[in-house]
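Trainee: I'd like to ask you about the structure that follows.
Where a number appears in this text, it was derived from the coordinates with a stated rule and is not lab data. Keep in mind the model is a prediction, meaning the values are calculated, not measured. Every residue, glycine among them, receives a Cβ derived from its backbone with ideal geometry; neighbour counts consider all protein chains shown.
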Amino acid sequence: MLSFLNGVRGSDLAAIGLKMVLAILCGMVVGLERSAKNRPAGFRTHILVCLGATVAAMTGLYIYLDLRLPTDISRLSSQVISGLGFILAGTIVVTKKLTIKGLTTAAGLWTTGIIGLAIGSGYYEIGILGTALVLMVEGWFGWFGGNIRHQPEYTLELLYNDKTSLDHVLRCCKDNHLAIVNLKIHALTDQGEASYSGLVQLRGGMAAEKLLDKIRLMPGIVSADEL
């Protein structure tokens, strides 16, 4: 630990001011990177989470060290970590293509809250280092992760009037080494004739258009398109 910071690790006015300013700066730095990428949780959200966690940690220290009340010094901090789940749930969305977005933002926001707890406890070094590492993961590692080769994933919307048609489609997918990630089927009734609508989410190396060309030729298939 850095010895020159020992004088501002307590609960005096100078230490409180440094903790709150540092919480604002760390939250802002992480949040600006998210705002630049148009993520739902921007720099103001990150600042408030980091600042709130810092205040919670300082309050726990004050109750235990200054008021000397019989309490668990980590209780407020633990409630901050679990309570962040309500905010994080709002940053995770499922798109029309049944893919999940916002997990990185949620994880970064959760980590920012813990950084605030570290700052509020007077552990400035880990708070600053944690901020730098979050930036590195969200920024530089984002480029690295974007260059990792993934198997293509897509969703097909099928309309068919024969129950056995879906079996032929699924068999075709398996024969072409495509993994069926998700499957949804809805029965439709149009002027007394039964028809079916299905969403098939697939993962594999075969192109969607090539697979659609095969499916459209199958008996009972009315239409087949990619979402």
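Trainee: Which order do Met136, Met206 fall in if you start with the one that has the fewest other Cβ atoms within 10 Å?
Mentor: The fewest-first ordering by Cβ neighbours comes to Met136, Met206.
Trainee: So, one more: For the pairs Lys101/Lys214; Lys101/Lys184; Lys184/Lys210; Lys163/Lys214; Lys184/Lys214, flag any whose C-alpha to C-alpha distance is greater than 29 Å.
Mentor: Cα-Cα > 29 Å for Lys101/Lys214; rest within.
Trainee: Quick one: what Rg and Dmax do you get for the chain from the alpha carbons, in Å?
Mentor: 26.1, 82
Trainee: Apply the Karplus curve 6.51 cos²θ - 1.76 cosθ + 1.60, θ = phi - 60°, to the phi angles in the stretch 200-217 and return the couplings in whole Hz, x for Gly and Pro.
Mentor: So the Karplus estimates, Gly and Pro as x, are 10, 9, 10, 9, x, x, 7, 5, 4, 5, 5, 5, 4, 4, 6, 5, 5, 8 Hz.
Trainee: Going by C-beta contacts inside 10 Å, put Trp110, Trp140 in order with the fewest on the left.
Mentor: If I rank by nearby Cβ atoms, fewest first, I get Trp140, Trp110.
Trainee: What value, in deg cm²/dmol to 500, does the helix sum -39500 (n - 2.57) over DSSP H runs of n ≥ 4 give at 222 nm once divided by the residues of the chain?
Mentor: Rounded to the nearest 500, it is -16500 deg cm²/dmol.
Trainee: Just need the relative contact order of the chain here, percent rounded to a whole number, with Cα pairs under 8 Å and 6+ apart.
Mentor: Taking the mean separation of contacting Cα pairs over the length of the chain, I get 18 percent.
Trainee: Here's something else I'd like to know. Can you put Arg171, Arg216 in order, fewest other beta carbons within 10 Å first?
Mentor: Ordered by Cβ neighbours within 10 Å, fewest first: Arg171, Arg216.
Trainee: Residue by residue through the stretch 61-78, which ³J(HN,Hα) values in whole Hz follow from phi under the Karplus form 6.51 cos²θ - 1.76 cosθ + 1.60 (θ = phi - 60°), with glycine and proline marked x?
Mentor: With coefficients 6.51, -1.76 and 1.60, one gets 5, 5, 4, 7, 8, 8, 7, 6, 8, x, 9, 7, 5, 9, 5, 4, 5, 5 Hz.
Trainee: Where nothing but the Cβ of Lys and Arg (+1) and of Asp and Glu (-1) is charged, how large is the charge dipole of the stretch 153-226 around its Cα centre, in debye to the nearest 20?
Mentor: 280
Trainee: OK, next. Placing unit charges on C-beta atoms (Lys and Arg positive, Asp and Glu negative, everything else neutral), compute the dipole magnitude of the chain about its Cα centre in debye, rounded to 20.
Mentor: It works out to roughly 300 debye.
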